[in-house]
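Q: Here's a structure for you.
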Amino acid sequence: MAHTKLAKTIHWSFIVLYAYGMFKQLDDISQLEDNGLLIFEVIFASIFLLIVIMRYFYMRNVGTMHASTVPVHPVHKFIAKSVHTSMYLCLILLPLSGLAIAFLFKQGIVDGPLQNIAIGIHEFTATTSYVLIAVHVSAAIYSRVKGEGVWSSMVPILKEDGPSENEYVKKIAEFENAVYQHISTTLESFRSKGSE
């Protein structure tokens, strides 16, 4: 099942917004002395935050990997959901910490523990968002190679024709599922030992 046009529009327009935010980022906090830039940054961060929250509430009822045309192991779904949730958390903390930086700066707090904490959170979430987005894109490409149908539900090009018939891809997918099954079995044995 493909994502709705609204979901696709939010997804792809958000990518443009995120890329713009990363491209136009400030080099130094002292740039906020320009009141026009400060106002722009606050408006941009607020719009960014609003869109992320709207996207979260719109997509939270859509099952992870719901568009897969092949069975998805529960461990795989858990990992995918964890990456998605982590991305949302980072993409919410990123503008919130930016707004905190701006607020503190406007109050005359340009350095010190509070500003350092806000800047630290901002830098950490920015870096973490790069990593999580790279993982997300890599997983989407891998899913496309396997022909699971997830890629085609969100990406308008290079549509899948069904599961891959390539022998190497099949072997990798079998190994992947064996790893998921091993993780599942191991967790189940821990649960059963813990309940004794």
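Since every read-out is calculated from the coordinates, none of them should be taken as a lab result. All values derive from a computational prediction rather than experimental measurement.
Q: Report, as a whole number in µm² per second, the diffusion coefficient that Stokes-Einstein gives for the range 1-63 at 10 °C and 1.306 mPa s using the Kirkwood radius over alpha carbon pairs. Don't jump to the answer; show the numbers that get you there.
A: Working: Rh = 13.4 Å.
Estimated via Stokes-Einstein, D reaches 119 µm²/s.
Q: GNM on the chain, C-alpha springs below 10 Å: top fluctuator among 140, 102, 178?
A: The residue with the greatest mean-square fluctuation here is 178.
Q: Using every alpha carbon pair in the range 136-196, what percent of pairs falls into each 10 Å bin from 0 up to the bin containing the largest distance?
A: Per 10 Å bin, starting at zero, the Cα-Cα P(r) for the range 136-196 comes out as 21, 35, 23, 15, 5, 0 percent.
Q: Here is a further query. Over the chain, with a Gaussian network built from C-alpha contacts below 10 Å, which listed residue (182, 84, 76) shows the highest mean-square fluctuation?
A: Comparing 182, 84, 76 in a Gaussian network model of the chain, the most mobile one is 182.
Q: Please compute P(r) over all alpha-carbon pairs of the range 35-104, binned at 5 Å starting from zero, and give each bin as a whole-number percent.
A: 3, 15, 20, 18, 13, 11, 8, 6, 4, 2, 0
Q: Round to a whole angstrom and tell me the spacing of the C-alpha centers of the range 164-181 and the range 111-134.
A: 37
Q: Which percent of the Cα-Cα distances in the range 5-162 go past 18 Å?
A: Details: 7821 of 12403 pairs.
Considering the range 5-162, 63 percent of its Cα-Cα pairs are separated by more than 18 Å.
Q: Count the lysine pairs in the chain whose Cα atoms sit under 28 Å apart, keeping only pairs 8 or more residues apart in sequence or on different chains.
A: Lysine pairs meeting both conditions in the chain amount to 25.
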